[in-house]
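A.B. asks: After the structure tokens below, expect a handful of questions from me.
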Amino acid sequence: MAAYEKRRAAAAPAPAAGSGLAEPARAAAGGLESEAEFLLRAGVTAMVREALLKVLEARPEEPVSFLADYFERLVLGSPGAAGEAAAELPGPPQRLARALWYVRLAHHSHRTAFDSNAGAAYEVLGAGGRRRKAGVDGRLYSELLRRICQHGGAPAEAAAALLGRVRCRDHEAVPFDVFRYGVLTCFVLLEFAAKADALFGVLDGGSGAADGRVCQAVLRALEDALGTGNFSLPSRYLEAGSKLGPDGLALAMDRALQERKLGTSMSRDEFLKKATALFVARVKPIE
């Protein structure tokens with residue numbers, strides 16, 4: 001029986017070179033790299049790790065869609081894709097869309113991730129081409145800020161006033177520190193507006209209108225909180241606003257209600273406009 005098995009093995013034909021059957025044997029003998037070595041050499045390991053880090057930073061509601069969009073943009077932005085596109089880089093609308101996607105990946109409180117994404121957005125907007133020098137100009141920078149504010153809940157008047165303070169001239173070169181400051185300030189405005197909206201929800205009790213005396217008292221308390229110090233970072237205004245606390249707000253509301261004046265109502269829109277105007281007034285203009 002043993003002799004028969006030896007003759008059978010000897011008579012079996014060798015697998016063809018291109019059939020794929022020879023590779024497992026060579027791999028078993030150490031002729032091919034392992035799966036882990038292949039993934040590492042091809043850059044897949046680093047790519048997947050970076051994608052997972054982006055998911056953890058952004059914490060999207062739909063992670064699968066987020067990853068699909070991430071890899072699609074990664075392919076479109078690769079050197080091979082740029083070579084196939086041949087003549088020119090994506091136009092301003094495409095670059096703005098990619099830059100907006102980058103700056104939204106992580107919350108501004110995650111400093112390292114936010115700065116990294118802002119740097120990626122800056123590079124996307126500043127990519128040069130045949131007819132364009134590398135660098136971010138004031139036109140693209142201002143348009144990016146406008147799009148950030150457009151997709152938030154801040155009043156249009158506050159957004160316009162803020163853009164007037166942090167924008168640059170259309171043909172002016174925008175350094176990265178100015179770029180980051182403008183982007184960060186816009187996101188802080190949106191968050192400030194969201195917090196003011198939530199605060200009004202407490203004041204109106206779901207009726208859509210609140211006592212004007214109480215609203216004015218709360219706005220004065222908010223103004224006092226924002227005015228305590230000279231802040232160089234926009235996010236510090238959120239910290240100052242949070243110092244109001246339930247006790248401070250309750251005290252301001254009690255004092256307002258003790259006044260014997262006939263109070264008028266204040267709408268949500270009016271309250272948001274006044275609250276965000278307080279924030280914009282404290283933003284340091286770009287010189």
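A.B. asks: Suppose the chain between GLU37 and ALA198 were pulled fully straight at 0.36 nm per residue; how much longer would it get relative to their current alpha carbon spacing?
C.D. replies: 52.7 nm
A.B. asks: Which FRET efficiency value, to the nearest 0.05, is calculated for THR112 and ASP170 with the Förster distance at 30 angstrom and r the Cβ-Cβ distance?
C.D. replies: Computed FRET efficiency for THR112 and ASP170 comes out at 0.40.
A.B. asks: How large a share of the accessible area of segment 132-175, in percent, is made up of carbon and sulfur atoms when the probe is 1.4 Å and the other protein chains stay in place?
C.D. replies: Accessible surface attributable to carbon and sulfur in segment 132-175 totals 51 percent.
A.B. asks: For GLU37, GLU287, GLU123, write out the residues from largest to smallest accessible area, computed with a 1.4 angstrom probe and no ligands counted.
C.D. replies: GLU287, GLU123, GLU37
A.B. asks: I would also like to ask the following. How high is the FRET efficiency from GLN150 to VAL75, r the C-beta distance, R0 25 Å, rounded to 0.05?
C.D. replies: Once rounded, the FRET efficiency stands at 0.35.
The values are calculated or read from the model by the stated rules, or taken from the named source; none is laboratory data. These numbers were taken from a predicted model, which means no experiment stands behind them. Glycine also receives a Cβ, built like all others from the backbone with ideal geometry; neighbour counts cover every protein chain displayed. The protein model used for the area step is the full one, side chains on, heavy atoms only, and it has no ligands, DNA or RNA in it. Shrake-Rupley method; radii C 1.70, N 1.55, O 1.52, S 1.80 Å.
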